[in-house]
Amino acid sequence: MVPSNLGEEMSTEVTLPPEWEDDERMNFLFSDFKENRDVNTKDWDSKIDFWTSLILKICRSRGTVCFNLQELNKIFQRKGFVPLGLGTVIQCMARCGKIQRESEFAANVDCGWVSWGFGLLLVKPLKWTFSTLLGSSGVTLEESFVVIELVKEKAAELLGVYWSSPVANCSLLSFQELQTLSSHVCIDESTLCMALLQLQREKQVTVSLHEGEKIVKFSQPGQDRVSLVSDVDLGIYQLQRSERLLEVRVEALGLEAEKCKEEARVLLREGKKSQALRYLRSRKRVERKADRLNAQLENVKGILDRIANSETDKLVIQAYQAGVSALRLSLKDGTVEGAESLVDQIQELCDTQDEVNQTLAGGALNSTDADTDELEDELRSLLENSTLDRPSTLPEVPSHPLSPVRESGSLCDDLLCALPLVPQSQFNITDEELDKELSRLTLADTCLQQKDRTSPVKRAESAQ
């Protein structure tokens with residue numbers, strides 16, 4: 001673990017690979033490259049891969065996207081020695097497109113960033129210009145490079161932070177507000193500027209100057225690219241700034257009024273009535289001022305609410321227009337006359353189908369009239385024959401009257417006499433009918449037994 005001095009405001013410890021403690025291996029890696037790669041391509045490529053991956057790992061662990069040769073020499077210093085081939089490694093990374101000079105990176109974006117005069121972006125623009133014109137292939141100690149892979153990751157992270165923040169509904173942000181919002185993502189101003197440049201290149205951010213202040217506008221979720229800063233955006237931005245300023249001043253005046261009130265209370269307890277009255281007058285004056293600012297604040301909020309409602313109304317009107325256009329296209333080939341014609345055709349087809357069905361049904365009936373008459377005569381004959389051949393399943397109804405009730409001794413005789421005669425003819429009867437007849441007889445026997453029990457009681461009562 002060695003300390004990192006890459007960031008001015010950040011000092012962390014960097015984890016180095018295990019072979020860092022291997023003297024033989026590190027002596028090879030710290031040595032300079034051969035002038036010709038073809039002499040030993042394997043050793044050349046292994047040293048390039050080692051230092052490239054280590055540089056990317058160092059930058060990612062620190063959260064930065066830029067580095068220079070001077071800072072790398074401080075990080076990778078070992079036992080008083082620095083790697084001799086880092087300049088060659090940086091040149092190879094630039095040829096492969098993994099890194100890019102900071103000046104070239106900023107110049108490739110079509111915006112007014114260079115005119116801002118950022119010292120962090122334009123460290124030595126004159127030297128870079130001369131190096132480019134003269135075709136210098138060397139790497140200076142203070143020349144800064146941007147890691148393309150890391151700056152893309154940082155740009156995507158910054159955009160996500162803005163979209164998920166409470167200020168996402170603000171069309172414009174000041175650069176200072178954005179710094180505060182992204183402090184946990186971009187460790188310094190240089191990293192933030194590089195991320196914004198990448199978003200500018202991706203058409204997700206536009207940056208401009210307004211009254212000497214840097215303002216940033218992000219694209220909204222669902223948009224392919226950010227729109228230009230309009231007069232409406234600037235007006236809303238001014239109103240939001242006024243709202244925040246008024247809120248701060250109203251809060252400060254409230255605290256001042258409370259302080260005057262407490263001072264008056266203390267002086268009144270001490271018997272200093274005149275001084276207490278002076279503090280109370282100051283409190284009233286502060287409260288009146290706070291009331292005026294509150295009224296102004298409410299007016300500003302009302303205007304912002306109206307603007308927000310107008311934006312909503314605009315979206316609703318656009319949705320209505322889109323719906324009308326879609327409905328017009330869907331009904332382009334449909335008219336009332338066409339719909340009536342279709343209904344008439346359907347009705348005609350239905351009538352034709354009904355006529356066809358009736359014709360088919362009528363033809364079948366006429367062809368079988370004679371057969372139907374013969375079948376009905378045969379069915380009637382079968383019914384008559386079955387009625388004559390089937391014996392009666394019930395006994396004949398008795399014709400003689402039942403005898404009156406006699407004494408208990410002749411109760412069985414009366415029961416037998418009351419029963420109908422047993423039929424002598426052969427007939428067919430089912431088991432179910434026999435069970436019903438047996439149940440009826442059992443019920444009658446039970447009734448007679450109960451009557452027999454009550455007869456002696458009646459005779460005794462009549463004898464008395």
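Okay, here's what the table says:
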{"item": "Contacts under 8 angstrom Cβ, first residue in segment 217-228 being in a loop (DSSP other than H, G, I, E, B), partner among the basic types (K, R), 6 or more apart", "result": "S219/K203; S219/R225; D224/K203; R225/K203; V226/K203; V226/K217; S227/K217"}
{"item": "All positions within segment 198-216 that are of a type in the set (A, V, I, L, M, F, W, C), closer than 22 Å to S103 by Cβ and not in a helix (DSSP H, G or I)", "result": "V205, V207, L209, V216"}
{"item": "Residue within segment 65-81 that is part of a loop (DSSP other than H, G, I, E, B), open to solvent by less than 20 Å² (accessible area, probe 1.4 Å), under 27 Å from A155 (Cα atoms) and at pLDDT 90 or above present", "result": "yes"}
{"item": "Filtered residues of segment 82-99 (kept if open to solvent by less than 40 Å² (accessible area, probe 1.4 Å) and not in a helix (DSSP H, G or I))", "result": "P83, G85, I99"}
{"item": "Every residue from segment 164-181 that is exposed (fewer than 13 other Cβ atoms within 10 Å of the Cβ) and more than 16 Å from P221 (Cβ to Cβ)", "result": "Q176, T180"}
{"item": "Residue selected from segment 206-235 under the condition over 31 Å from the mean Cα position of the chain (by Cα) and on the phi > 0 side of the Ramachandran plot, by the criterion surrounded by the most Cβ atoms within 10 Å (Cβ to Cβ)", "result": "E211"}
{"item": "Pairs with Cβ under 8 Å, 6+ apart, first in segment 300-312 and under 11 Å from L239 (Cβ atoms), second of a type in the set (S, T, N, Q) and assigned to a helix (DSSP H, G or I)", "result": "V300/S242; L304/Q240"}
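The values are calculated or read from the model by the stated rules, or taken from the named source; none is laboratory data. None of the values given here were measured: they were computed from a predicted structure. Note: ideal-geometry Cβ built from the backbone for every residue, glycine included; neighbour counts use all protein chains shown. In case anyone asks, the SASA skips ligands and DNA or RNA and just uses the protein heavy atoms, side chains included. Shrake-Rupley method; radii C 1.70, N 1.55, O 1.52, S 1.80 Å.
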